[in-house]
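Heads up, the thing below is written out as structure tokens.
The values are calculated or read from the model by the stated rules, or taken from the named source; none is laboratory data. Note that the structure is predicted; figures quoted are calculated from it, not measured. In this analysis, Cβ positions are derived from the backbone assuming ideal geometry, glycine residues included, and neighbour counts consider all displayed protein chains. Ligands, DNA and RNA are stripped out before the accessible areas are found, and what is left, the full protein with its side chains, is counted by its heavy atoms. Shrake-Rupley method; radii C 1.70, N 1.55, O 1.52, S 1.80 Å.
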Amino acid sequence: MEPLAEKTKHGLAAGPAAAPQRPDWTVDQGWSDYTPAQHAVWKTLFERQTQLLPGLACDAFVQGMQNLPITAERIPNFEELSETLHRATGWQVVAVPGLVPDDVFFEHLANRRFPSGNFIRGAHELDYLEEPDVFHDVFGHVPMLMHPVMADFIQAYGQGGLRAQRLGKLTELARVYWYTVEFGLVKQSDGLRIYGAGIASSFSESTFAVQSESPNRIGFELERVMRTHYRIDDFQEVYFVLDDLQDLLALANTEFAPYYERLAHGPNHQPGDVLSTDTVLHRGTGTYHRGRPRKG
């Protein structure tokens with residue numbers, strides 16, 4: 001088992017000392033500067049994850065990966081990725097040095113630019129990383145950006161993030177991103193499948209999220225999600241499940257102001273809570289997390 005390796009871009013923004021020269025925090029990918037050892041790390045991560053994900057990842061993720069210029073042999077070139085991605089859904093991948101400030105992150109998403117770290121973890125860090133690197137960002141996120149529904153949803157999330165920032169409601173909105181884009185599951189005719197990048201790019205959480213008896217798996221309900229804390233230090237205790245990826249279209253068109261008003265009152269929930277109002281698809285045993293310290 002490895003601790004959770006990936007975190008969302010926002011809510012963990014880099015300090016001003018890390019700011020690059022460009023106002024939008026983008027940098028050159030520096031593809032020609034990657035070393036053979038760094039390409040070898042990508043190959044190791046890519047091969048073990050692509051061998052693992054059949055039967056775990058959703059059809060849209062698998063199809064997106066097949067249609068992108070991504071192979072095991074080398075770290076993807078962002079310009080090549082962006083050409084294919086832009087033709088499909090109007091998105092592009094831009095390089096950033098790591099975590100970026102909230103407003104920068106949202107501005108990129110609102111304009112269909114996905115900010116990806118241009119660095120790759122070391123060979124000694126295959127199963128743990130403090131900041132999202134090129135493997136998490138490209139392998140985990142970009143295949144789903146080939147799907148038109150996810151493409152529209154993440155753009156709408158960026159637009160909503162800019163509004164939430166002005167209203168001081170980022171905590172509540174970040175939970176939506178966490179439990180969908182990063183750690184979402186979706187129903188398929190052949191079972192529950194992964195569409196969240198934090199799961200898809202994590203070797204151990206891929207099987208844990210879908211197959212383990214320990215976590216709860218609960219039907220997605222927006223206000224419930226916005227009231228629920230999440231873990232940044234370990235596997236999730238709960239996964240919220242969409243009936244269909246098309247449900248993200250309704251989320252993309254949601255007016256969040258009434259939710260923010262209601263969320264100012266009433267309870268917040270811990271990740272392991274199960275409510276009487278929940279649609280429980282799997283009541284977890286809680287075995288994995290029982291007795292483990294919670295840091296996030």
Could you give the accessible area per residue of the stretch 211-275, probe 1.4 Å, as a whole number in Å²?
42 Å²
Relative contact order as a percentage, the stretch 145-204, C-alpha pairs under 8 Å and 6+ apart, gives 20 percent
Using the Karplus curve 6.51 cos²θ - 1.76 cosθ + 1.60 with θ = phi - 60°, work out ³J(HN,Hα) for each residue of the stretch 167-184 in order, rounded to whole Hz, and write x for Gly and Pro.
8, x, 10, 5, 4, 5, 6, 4, 5, 5, 4, 4, 8, 10, 4, 8, 10, x
Where GluC sites (Glu not before Pro) fall in DSSP loop in the stretch 89-176, at most 15 other Cβ within 10 Å
Glu130
Mean separation of Cα contacts under 8 Å (at least 6 apart) over the residue count of the chain, i.e. the relative contact order in percent, is 21 percent
Per DSSP loop assignment and a cutoff of at most 14 other beta carbons within 10 Å, the chain keeps its longest run without exposed trypsin sites (Lys or Arg not before Pro) at 1-282
At a probe radius of 1.4 Å, what is the per-residue accessible area of Glu83, in Å² to the nearest 10?
120 Å²
For Val93, which sequence-distant residues (separation of 5 or more, or a different chain) have an amide H within less than 5 Å of its own amide H, given hydrogens modelled in the peptide plane?
Ser82, Phe114
Please get the size of the charge dipole for the chain, origin at its Cα centre, with Cβ charges of +1 on Lys and Arg and -1 on Asp and Glu, quoted in debye to the nearest 20.
500 debye
Given only helices, namely DSSP H runs of n ≥ 4 each adding -39500 (n - 2.57), what is the per-residue ellipticity at 222 nm of the chain, to the nearest 500 deg cm²/dmol?
-10500 deg cm²/dmol
Please report the antiparallel percentage of the DSSP beta bridges confined to the chain, to the nearest 5.
35 percent
In sequence order, what are the phi-derived ³J(HN,Hα) couplings for the stretch 241-249 according to the Karplus relation 6.51 cos²θ - 1.76 cosθ + 1.60 with θ = phi - 60°, rounded to whole Hz, with x for glycine and proline?
10, 7, 5, 7, 4, 4, 4, 5, 5
Pulled fully out, how much extra length does the chain show between Asn67 and Arg292, if you take 0.36 nm times their separation in residues and subtract their Cα-Cα distance?
77.0 nm
I need to check one value: relative contact order of the stretch 94-174, counting alpha carbon pairs closer than 8 Å and at least 6 residues apart, in percent.
35 percent
